[in-house]
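Notes to accompany the following structure.
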Amino acid sequence: MTDGAAAVERCEILAACTDEPGRITRPFASDAMRRAHEHVAGWMHQAGMTVTRDNIGNLRARYEGAGPETLLLGSHLDSVRDAGKYDGPLGVVVAIAAVQRLHDANRRLPFGLEVLAFADEEGLRFGSTYLGSRALAGRLDEEELQRRDADGLTMAEAIRRFGGDPTRIAGDRWSGARPLGYVEVHIEQGPVLEGLGLPVGAVNAIAGQDRFELTFTGEAGHAGTVPMKLRRDALVAGAEFVGAAFHYAASHEGLVATVGRLMVQPGAANVIPGEVTMSLDVRHAADGEREAAGASLLDLARHIGERWNVRVSASPTSSRAAVRCSPRLVALWRKAIGEDAVELASGAGHDGVYMSEITDVGMLFVRCKGGISHNPAEAVDVADVQVAVDVLSRFIELL
Ligand SMILES: [Zn+2]
């Protein structure tokens, strides 16, 4: 079996570790995660690594080198609800495959390799993302341990039941010398590589992301008696904005904007909508472009509101700057890929966002079918995964 086929088979094995029979749902600190850990820790051992689990629940496996320096590799093992098989696990099994090659050849590098299998990136259970990489970067606040899951269990208690000590998380932060870098292999979750007919590509940035909540306030009234020209229909204005935001983003290179949640009040068939609240998510790989787009979109909303005699208010709910991948590591990925090397930006967030606080970050994207992710239809080609293992191995050699 090729390394690519073996890696895909391991993703299948991990897909069977789920809390919901019939679909893949592997939350933070769950029974499903415990079973996944048994498999992954076994594979890490086979590859000649010493394995530990830190208190938040990250598996951390080290393949010693001749010197004290370390290259970090990894991805996350948790999933969204009704997930695919590859978002996260692929990066873990490909990293292990690259270490296995060194172990099989009985080789030691001048630096150590540490494979990280993060406990939580998606935030399914506690609605708080990147728990694993934030713990490693020393950026997990103690108050967050009091967050509760859908069953009312606190994060601290979930960590205890999983075998960790919530009071000792701070001590797990990376405390050694600055690592040589953090590298992650991940499915693209977009259609760029498929469109180019390429198996892999080097990531040059993880897009920044702004979220806003917009409220359109008009006036509720009787659907049968208020004449059309006297209406202040909040949904007519809101709906116009949804379309306008789409067209604005579509006409700006690299920009994406999404209204994903909409609440209509009072929400009755025979009442004119008096108030509409909606989310707005704006992303771009360049911070300046993202900020300018956010401001323009809010202006657009106000103009549309004025036209419909509807008041518009907006407030930011979260903002995250783009993370530039290290030019040194991007260049190394390009060299490892060879002639066909392309660079692309990631629209999705990744553990690299927080790992960038402790080291340089580099990512390799693997083509996935139709750009589909966070969906059971997620699919990769075995041949592409083989390329990913080869490229990662070359990358490590070049480093
Ligand atoms: Zn992921």
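A short reminder: the numbers here are calculations on the coordinates, not readings from a lab. Because the structure is a prediction, the values reported are computed rather than measured. Every residue, glycine among them, receives a Cβ derived from its backbone with ideal geometry; neighbour counts consider all protein chains shown.
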**Item:** Pairwise centroid distance, computed over Cα atoms, of segment 300-316 with segment 255-291, Å
**Value:** 12 Å
**Request:** Would you please classify the overall shape of segment 158-261 from the alpha carbon gyration tensor, given that a ≥ b ≥ c denote the square roots of the eigenvalues, rounded means a/c under 1.5, and beyond that prolate means a/b larger than b/c while oblate covers the rest?
**Result:** oblate
**Fill in**
Cα gyration tensor of the chain diagonalised, 5x eigenvalues square-rooted, in angstrom largest first, produces semi-axes 42, 24, 19
**Request:** Given the peptides 343-353, 226-236, arrange them by the average over their residues of other C-beta atoms within 10 Å, most packed first.
**Result:** 343-353, 226-236
**Fill in**
Packing-ranked peptide list from 300-313, 197-210, 62-75, highest mean Cβ count within 10 angstrom first, is 197-210, 62-75, 300-313
**Size of charge dipole - segment 321-399 - debye, nearest 20, with Cβ of Lys, Arg +1 and Asp, Glu -1, no other charges** = 160 debye
**Request:** Any lysines with Cα under 16 Å of the Lys369 Cα? List them, leaving off those in the same chain fewer than 8 positions away.
**Result:** Lys85
**Fill in**
Its Cα gyration tensor gives segment 54-99 an equivalent ellipsoid whose semi-axes in whole Å, largest first, are 25, 13, 6
**Item:** Length added when fully stretched, Lys369-Val192, from 0.36 nm per residue minus Cα-Cα
**Value:** 62.7 nm
**Complete:** Expressed to two decimals, segment 209-328 has a Cα Rg over Rh, using the Kirkwood radius, of 1.08
**Asked** Hey, with R₀ at 45 Å, roughly what FRET efficiency would Glu306 and Glu20 work out to, going by the Cβ-Cβ distance, to 0.05?
**Response** 0.40
**Request:** Name the residues whose placed amide hydrogens come within less than 5 Å of the amide hydrogen of Lys85, ignoring near sequence neighbours (fewer than 5 apart) on the same chain.
**Result:** Glu378
**Message:** With just the Cα atoms defining each centre, how far is segment 345-378 from segment 132-208? Give it in Å.
**Reply:** 12 Å
**Prompt:** Which FRET efficiency value, to the nearest 0.05, do you get for Leu262 and Ile13 by plugging their Cβ-Cβ distance into 1/(1 + (r/R0)^6) with R0 = 41 Å?
**Reply:** 0.55
**Request:** Pick out, from Ala41, Tyr63, Gly88, the residue whose Cα sits farthest towards the positive end of the charge dipole of segment 1-94, with +1 on the Cβ of Lys and Arg and -1 on the Cβ of Asp and Glu.
**Result:** Ala41
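Kirkwood hydrodynamic radius, computed over distinct alpha-carbon pairs, for segment 118-216: how many Å, to one decimal?
By the Kirkwood definition, the hydrodynamic radius is 16.7 Å.
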**Prompt:** Which far-off residues, 5 or more places away or on another chain, put their amide H under 5 Å from the one on Val226, with H placed in the peptide plane?
**Reply:** none
**Fill in**
Ranked by GNM mean-square fluctuation in the chain (Cα springs under 10 Å), the top entry among Val323, Val342, Val366 is Val342
**Message:** Using the Kirkwood formula on the Cα atoms of segment 65-185, what hydrodynamic radius do you get, in angstrom to one decimal?
**Reply:** 15.8 Å
**Prompt:** What FRET efficiency, computed as 1/(1 + (r/R0)^6) with R0 = 45 Å and r the Cβ-Cβ distance, is obtained for Leu153 and Ala177, rounded to the nearest 0.05?
**Reply:** 0.75
**Complete:** Answer in debye to the nearest 20: the dipole magnitude of segment 187-248 about its Cα centre, from +1 Lys/Arg and -1 Asp/Glu charges placed on Cβ, is 300 debye
**Request:** Give me the Debye-computed log₁₀ of I(q)/I(0) at q = 0.11, 0.20, 0.26, 0.28 Å⁻¹ for segment 1-78, equal point scatterers on Cα only, no solvent, two decimals.
**Result:** -0.33, -0.98, -1.34, -1.41
**Prompt:** Which is farthest toward the positive dipole end of the chain among Ala321, Leu198, Phe118, measuring Cα position about the Cα centre, with Cβ charges +1 (Lys, Arg) and -1 (Asp, Glu)?
**Reply:** Ala321
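When averaged across all projection directions, what area in nm² does the alpha-carbon convex hull of segment 1-143 cover?
The directionally averaged projection comes out at 8.6 nm².
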**Asked** What percentages, rounded to whole numbers, describe P(r) for segment 278-369 computed over all alpha carbon pairs with 10 Å bin width beginning at zero?
**Response** 13, 34, 26, 16, 9, 2
